[in-house]
Amino acid sequence: MAKIKARKGAPYARILGVGGYRPVRVVPNEVILERIDSSDEWIRSRSGIETRHWANDEETVAAMSIEASGKAIADAGIDAAQIGAVIVSTVSHFSQTPAVATEIADKLGTAKAAAFDISAGCAGFGYGLTLAKGMIVDGSAEHVLVIGVERLSDLTDLEDRATAFLFGDGAGAVVVGPSQEPHIGPTIWGSEGDKSSTIKQTVPWDEFRSGDVSRLPVDSRGKVKFPAITQEGQAVFRWAVFEMAKVAKEALEAAGLTADDLDVFIPHQANERIIDSMVKTLKLPEHVTVARDVRTTGNTSAASIPLAMERLLATGEAKSGDTALVIGFGAGLVYAATVVTLP
Ligand SMILES: CC(C)(COP(=O)(O)OP(=O)(O)OC[C@H]1O[C@@H](n2cnc3c(N)ncnc32)[C@H](O)[C@@H]1OP(=O)(O)O)[C@@H](O)C(=O)NCCC(=O)NCCS
């Protein structure tokens with residue numbers, strides 16, 4: 001048997017820079033109320049959401065990613081040519097192939113970086129971060145760009161009162177690079193495919209292609225509805241509140257820390273009531289800054305954690321070197337939690 005030589009990378013990895021892009025158009029609850037029977041008060045009290053951003057035609061998945069990544073690369077103080085891999089987590093890039101990551105890698109000016117997309121719903125950032133860490137430690141890349149990006153407005157049924165107010169658009173990116181000390185803890189991640197139907201696309205693309213009005217959902221004007229994301233709100237809410245607090249606790253323990261050691265908590269921005277419940281279950285002390293970006297960004301799935309991270313740092317609510325617990329969870333169902341040092 002031939003002896004294969006292995007490569008060794010850095011001892012550990014860390015997040016070196018973060019950047020975000022929020023579409024120019026801010027959409028208040030009033031606009032959502034034009035299509036559903038609800039109220040600003042109901043949406044705010046049930047979800048915490050006041051406004052969200054919706055992308056225009058120019059703010060494509062690639063364009064928003066490039067903006068966010070440019071900021072992350074500048075924040076990390078590296079050159080794009082030093083990036084060895086680009087990972088894009090998204091469920092709302094409409095071109096099945098090629099991966100949007102290759103276009104982004106090229107336009108950013110990387111030196112032919114490896115590039116691929118992943119689909120891990122609202123846990124996409126944690127999944128990407130975990131892959132990046134592994135790649136840096138095994139020497140496959142010295143710096144990895146992890147992007148979470150969504151145009152969920154394209155996949156929102158504005159006549160569905162259970163979801164119309166929830167989703168938003170945007171991109172968040174981090175540069176992950178080598179470190180002599182651990183600055184990204186062990187990831188606690190997993191999937192629960194037996195609950196896959198609780199968050200899903202209303203109609204698969206192949207069924208949608210049939211255009212058959214007798215079989216497909218139609219809108220108030222009798223036109224076949226474009227596929228959208230639908231969810232069993234209460235089932236997902238219960239799962240998030242009961243199961244995800246346990247996962248977050250496990251991630252904290254795996255990093256050898258307690259709630260007292262934390263400076264910041266950045267959970268997936270899906271619903272402020274889920275965030276409040278987790279804060280309570282985890283018994284987070286008063287000094288821990290909690291991300292509540294959902295109020296003005298809505299649920300941007302894979303983009304939600306890096307966007308919230310960027311905002312906390314930009315507003316001074318968190319600072320470089322702070323210890324943050326991050327947890328993403330959603331469609332799959334999938335989840336990923338870890339503790340990181342903020343860039
Ligand atoms: C979507 C969500 C905000 C709905 O809140 P909820 O408190 O669970 O609401 P319910 O679905 O139980 O509905 C409660 C009532 O409000 C009504 N309702 C539902 N949507 C409404 C709306 N937009 N406006 C006003 N009333 C509404 C329901 O009809 C129901 O009325 P009823 O009690 O007379 O039957 C919540 O379930 C949620 O956030 N779920 C998890 C989302 C999530 O975390 N996703 C993560 C993965 S991306």
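The values are calculated or read from the model by the stated rules, or taken from the named source; none is laboratory data. In this text the structure is predicted, and so the values were computed from the model without any measurement. No Cβ is skipped: glycine too gets one built from the backbone with ideal geometry, and neighbour counts run over all protein chains shown.
Quick notes on this one:
- For region 30-49, taking the residues that are within 13 Å of residue 270 (Cα to Cα) and more than 8 Å from the ligand (Cβ to nearest atom), the one that is surrounded by the fewest Cβ atoms within 10 Å (Cβ to Cβ) is identified as 44.
- Options 277, 304: the member that is touching a His at 6+ places or on another chain (Cβ under 6 Å), modelled with pLDDT of 95 or more and either among the charged types (D, E, K, R) or not assigned by TED's automatic domain parsing to the domain that holds residue 153 (or both): 304
Table: residues versus (1) closer than 18 Å to residue 152 by Cα; (2) of a type in the set (Ser, Thr, Tyr); (3) not in a loop (DSSP other than H, G, I, E, B).
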residue: 196; (1), (2), (3): no, yes, yes
residue: 200; (1), (2), (3): yes, no, yes
residue: 206; (1), (2), (3): no, no, yes
residue: 212; (1), (2), (3): no, no, no
residue: 234; (1), (2), (3): no, no, yes
residue: 237; (1), (2), (3): no, no, yes
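- Within the option set 91, 86, being within 13 Å of the ligand (Cβ to nearest atom) and surrounded by 21 or more Cβ atoms within 10 Å (Cβ to Cβ) holds for one residue only, 91.
- Failed condition for residue 227, given (1) touching a Gly at 6+ places or on another chain (Cβ under 9 Å); (2) surrounded by 18 or more Cβ atoms within 10 Å (Cβ to Cβ); (3) part of a loop (DSSP other than H, G, I, E, B): (1)
- Wholly enclosed helices (runs of 4 or more DSSP H) of region 264-317 bearing at least 3 residues among the aliphatic types (A, V, I, L, M) and within 12 Å of the ligand (Cβ to nearest atom): 272-281
- Cβ separations smaller than 9 Å between residues 6+ apart or across chains give the following pairs from region 121-149 residues that are free of Cβ contacts under 8 Å to residues at least 24 places away in the same chain to residues that are outside any helix (DSSP H, G or I) and of a type in the set (Ser, Thr, Tyr): 134/140.
- Unique residue being surrounded by fewer than 24 Cβ atoms within 10 Å (Cβ to Cβ), touching a Phe, Trp or Tyr at 6+ places or on another chain (Cβ under 6 Å), in contact (Cβ under 8 Å) with a residue 12 or more places away in the chain and not basic (Lys, Arg) when the list is 68, 80, 99, 62: 99
- The residues of region 231-260 that are near the ligand (Cβ under 8 Å from one of its atoms) and among the β-branched types (Val, Ile, Thr) amount to a single one, 236.
- A Cβ distance below 9 Å, combined with a sequence gap of six or more or placement on separate chains, defines the contacts here; from region 36-53, residues that are closer than 20 Å to residue 276 by Cα reach residues that are of a type in the set (Lys, Arg) and not in a helix (DSSP H, G or I) in the pairs 48/292.
- Some residue of region 241-255 being free of Cβ contacts under 8 Å to residues at least 40 places away in the same chain, buried (at least 17 other Cβ atoms within 10 Å of the Cβ) and closer than 30 Å to residue 205 by Cβ: no
- Test: residue 257 is out of contact with any Phe, Trp or Tyr (no Cβ under 6 Å at 6 or more places or on another chain) and not in a loop (DSSP other than H, G, I, E, B): no
- Residues of region 137-146 classified as more than 21 Å from the chain's Cα centre (by Cα) and crowded, with 21+ Cβ neighbours inside 10 Å, total: 1
- Members of region 133-162 that are of a type in the set (A, V, I, L, M, F, W, C), away from the ligand (no atom under 16 Å from the Cβ) and not in a loop (DSSP other than H, G, I, E, B): 135, 136, 137, 144, 145, 146, 147
- Number of positions in region 77-132 that are over 25 Å from residue 338 (Cα atoms), assigned to a helix (DSSP H, G or I) and among the hydroxyl-bearing types (Ser, Thr, Tyr): 1
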